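The values are calculated or read from the model by the stated rules, or taken from the named source; none is laboratory data. Bear in mind the structure is a predicted one, so any value in this text is a computation, not a measurement. Please note: Cβ atoms are built from the backbone with ideal geometry, for glycine as well, and neighbour counts cover all protein chains shown. Calculation scope for accessible area: heavy atoms of the full protein, side chains included, ligands and nucleic acids excluded. Shrake-Rupley method; radii C 1.70, N 1.55, O 1.52, S 1.80 Å.
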Amino acid sequence: MGSSISWARGLFWKGNRSPLSPFFGSPWGFLRVFWKSCHWAWAIQPRHHLLRLNPQSDPMDPYQQLDFLALDDQFSEEELMVRDAVRSWCSERFMPLVMEHFEAGTFPMELVGELAELGVFGPTVPEEYGGAGLNSVTYGLICQELERADSGLRSFVSVQGSLVMYPILAYGSQEQKQEWLPRLASGEAIGCFGLTEPDFGSNPGGMLTTAKRDGDDWILNGRKMWITNGTCSQVAIVWARAEEGIRGFIVPTNLKGFSAPEQKHKWSLRASITSELVLEDVRVPNGALMPEAKGLKGPLGCLTQARYGIAWGAVGAAEACFDEALRYSKQRIVFDKPLAAFQLAQKKLADMATDISLAQLMALRLGRLKDEGKFTPHQVSMAKRNNVSMALKTSRTCRDMLGANGISLEYHTGRHMLNMESVVTYEGTHDIHTLALGHELTGIPAYR
Amino acid sequence: MNIVACVKRVPNTEAVVKVADGGTSLDESGLSYMISFYDELAIEEAVRTKEAHGGEVTVLTLGPSEGTKEIRECLAKGGDRAELLADSNWLSRDCRASAKALAAKLSDLGADVAFMGRVATDRDNAAVGPMVATYLGWACVTDVVSLEIAEDKGTARRETETGIETIEFSLPAVITCNKGLNEPRYSNLKGIMAAKKKPFEESPAELVDNQASVIALTPPSPRAEGRILGTGPDAVPVLIDALRNEAKVI
């Protein structure tokens, strides 16, 4: 719980928020203000019941996003309203829980209803299917805010929206859209996406999972690995090799032969459930086949959507680390002066602020291109590659600046740093995106 | 029921404010804004009243034309329409001028009930609500922590320093909302999208001359150095004496 010490600290150095209330004229003025603190403490964070001492969930010391290039001017009123709504929700509802869940290796499933109510499941899906019909920039801002909180939270939402709702919307039949999209948007059903296999990650075309026709049905067999939300899903999008090539199926997870054992002992993305999917003679009707997804283009199209969200999300994680390190460096006294007063610290901060600002610009430009219908998968590769790599580097530098505190979960930076090892690997590793860009630039594929 | 929620856009309490050159206004460059905390309760109570009794919620504000984002957020939370009385000079306007302008608009709107925050977090006057009610000749209940409305009257509990009062009042009325009345909801994405399409009218505020004006803004003095009164148990009586007789807080 937030102690009166943290309130007092906030009251003092945020005391200049109101020039009309000069409470601090004498040593006792501070005490008088303290008695008024019920008013302010409540007012700062009206819905926050679980306060912690760490900076980003301390109500008197809230998260401040870096906006060095005044990019807020580039967003519409509506885009900013959505961003701010998601930011508030994360600060007040998710942040107080994240440390315990990260330690326990669990996702706060009790918040799924609130996430649905907030509207972050498939927000770009048209309203007729239960979405909010938002543009891609707004979706990017949502991912940025969710990942500012934790990559596990952003992953939960990315999978539901980009990897489950998107393929149903893009490749599904009318019946499939009507059956699944409203349920997924409302959080009544949680979905997962099964593409990666134990031996096929960067090379999904080699997959061993099979789909064989049996009368009007299909029989699915195989194993999928590293599947976010597998254990808690009601439906899985499963990609399998059929006679005619790779096909995608909408598979309810309660079917006979389907199981999703959880993958334990991760040291990254711990506030997120990761599972295997085991398919043993799972029989699905032909109605489970997504008619418009033929070949590897189907799953890769989904990944392009998800990578777009990651390009924004990674910026949020970096911003969270930077905010924490900047605050810390100003408060932490070493050799009788703040850490921030040392040139080595200032160099790190200047480099990180520049890197983050460049990544923000790249994400924004990509989003505007996407909304104009002009973006390419290679542009997404560039943004995912650059922004996640930047976030990983930034989180490591911030961890270093936090000294010993950097390895404590009481601070957020270490958690983000660990998460970034997953984010730099999934949805196309850094190296695979490097080769994709190399291929695009030279016309020469160098994957193998 | 014709319900109005009066809200004020105020500087974000997380922002570091600076006094502008001239010393009577704030430097607004880079300043971010929000709806005053207690006004969030007013919006929530207005929407809950609509949900219980039907009708329409008008979000009424007196402030600069640039304040549309904050007002749209009120629409996203369930307001049906917004009225912005444009006045760029929000810091130097006195309570009487604000109250007269709001009272005139509430009268035009034919409101049955107007919800306001108990105090705005920028100037801390807690005066406009009761003044509006006085100008209109309406009932006024301040610092309300629970409320029931039935047809043309209501019952409210208000918290005072000496205890809790239960008050019955007739409509129309001005209710000022205090902490504990409700838990404001979050705006959601669909609400934000819907807010874009809701009616939003702007008209110039009809302001009377100020009778009170700000002549100087001074940032808080830096915190004075602490004083060590002693150590161990011997310091306790000295501390108590200081708290009682110097600080006068116990």
For the protein assembly as shown: accessible area per residue (Å², 1.4 Å): 43
Counting helices only, and only those DSSP H runs with n ≥ 4, report the 222 nm mean residue ellipticity of the protein assembly as shown as the sum of -39,500 (n - 2.57) divided by its residues, in deg cm²/dmol to the nearest 500. -12500 deg cm²/dmol
Radius 10 Å from Cβ of A:Gly428, net charge of other residues (Lys, Arg +1; Asp, Glu -1): +1
For chain B, built as a Gaussian network whose Cα springs stay under 10 Å, the top-fluctuating residue of B:Thr58, B:Thr176, B:Thr166: B:Thr166
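For segment A:97-170, what is the Kirkwood estimate of the hydrodynamic radius, computed as the reciprocal of the mean inverse distance between distinct Cα atoms, to one decimal in Å?
For segment A:97-170, inverting the mean 1/r across all distinct Cα pairs yields 12.8 Å.
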Considering only protein heavy atoms, what is the solvent-accessible area of B:Val208 at a probe of 1.4 Å, reported in Å² to the nearest 10? 50
Among B:Gly79, B:Ser170, B:Phe115, which residue has its Cα positioned farthest towards the positive end of the charge dipole of segment B:2-204, with +1 placed on the Cβ of Lys and Arg, -1 on the Cβ of Asp and Glu, and the dipole taken about the Cα centre? B:Gly79
Determine the shape class of segment A:365-448: with a ≥ b ≥ c the square roots of the Cα gyration tensor eigenvalues, call it rounded for a/c under 1.5, and otherwise prolate if a/b is greater than b/c, oblate otherwise. prolate
For chain B the mean separation of alpha carbon contacts under 8 Å (6+ apart) over residue count, i.e. relative contact order in percent, is 24
Under the rule rounded for a/c under 1.5, else prolate if a/b exceeds b/c, else oblate, using alpha carbon gyration tensor axes a ≥ b ≥ c, segment A:256-342 is classed as oblate
So which residue, out of B:Ser29, B:Ser170, B:Ser98, gets the largest mean-square fluctuation from a GNM of chain B using Cα contacts under 10 Å as springs? B:Ser29
Threshold 40 Å², probe 1.4 Å: give the residues of segment A:110-158, in number order, that are less accessible with all protein chains present than with their chain alone. A:Leu118, A:Ala132
Taking a crude spin-label model, label points 7 Å out from Cα along the C-beta direction, the A:Thr376 to B:Ala127 distance in nm is 6.5
Choice from B:Pro184, B:Pro11, B:Pro237 with maximal GNM fluctuation in chain B (Cα, 10 Å cutoff): B:Pro237
Which lysines have a Cα less than 30 Å from the Cα of B:Lys198, not counting those fewer than 8 places away in the same chain? A:Lys177, A:Lys370, B:Lys8, B:Lys50, B:Lys69, B:Lys77, B:Lys100, B:Lys105, B:Lys153, B:Lys179, B:Lys190
What is the list of residues in segment B:200-225 whose amide nitrogen lies under 17 Å from a point 7 angstrom out from the Cα of B:Asp27, following Cα to Cβ? B:217-222
Quick one: pull the percent of accessible area on segment B:2-204 belonging to carbon and sulfur, 1.4 Å probe, ligands and nucleic acids left out. 44
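Let me know the mean shielding of B:242-250 by other chains, meaning the per-residue number of their Cβ atoms within 10 Å of its Cβ.
Across B:242-250, the average partner-chain Cβ count within 10 Å equals 3.
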Expressed as a percent, the accessible surface of chain A that is carbon or sulfur, using a 1.4 Å probe and the full set of protein chains, is 56
Once both axes come from the Cα atoms, what is the angle between helix A:430-442 and the longest principal axis of chain A, in degrees from 0 to 90, rounded to 10? 70
Set Lys and Arg Cβ to +1 and Asp and Glu Cβ to -1, take the dipole of segment B:1-111 about its Cα centre, and tell me which of B:Asn12, B:Gly23, B:Pro64 lies farthest positive. B:Pro64
Mean-position separation - Cα centroids, segment B:66-102 and segment A:92-154, in angstrom: 31
A:Leu361-B:Val236 FRET efficiency (beta carbon distance; Förster radius 56 Å; 0.05 resolution): 0.40
Note every residue of segment B:4-23 with a reduction of at least 50 square angstrom in accessible area, all protein chains present versus the isolated chain, computed with a 1.4 Å probe, or write none. B:Thr13, B:Glu14, B:Val17
Obtain the nm distance between the two label points defined at A:Ser259 and A:Asp431 by a simple spin-label model: each point lies 7 Å from its Cα along the Cα-to-C-beta direction. 3.4
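Taking only the C-alpha atoms, wrap a convex hull around segment B:2-204 and report its volume per residue in Å³ as a whole number.
Convex hull of Cα atoms, per residue: 123 Å³.
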So, with +1 on the Cβ of K and R and -1 on the Cβ of D and E, and no other charges, what is the size of the charge dipole of the protein assembly as shown about its Cα centre, to the nearest 20 debye? 1580
Shape box of the protein assembly as shown [Cα atoms, principal axes, largest first, Å]: 85, 66, 48
If you take every DSSP beta bridge fully contained in chain B, what fraction is antiparallel? Give it as a percent rounded to 5. 40
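Relative contact order of chain A: what whole-number percent is it, with Cα pairs under 8 angstrom and at least 6 residues apart?
Values: 771 pairs, mean separation 68.3, N = 448.
Relative contact order for chain A comes out at 15 percent.
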B/A buried area, accessible surface, summed, 1.4 Å probe, Å²: 4400
Compute the distance in nm between two label points, each set 7 Å from the Cα along the Cα-to-Cβ direction, one at A:Ala104 and one at A:Asn286. 4.7
Once you order the gyration tensor axes a ≥ b ≥ c over the Cα atoms, which shape class does segment B:105-192 get: rounded for a/c under 1.5, otherwise prolate or oblate by comparing a/b with b/c? rounded
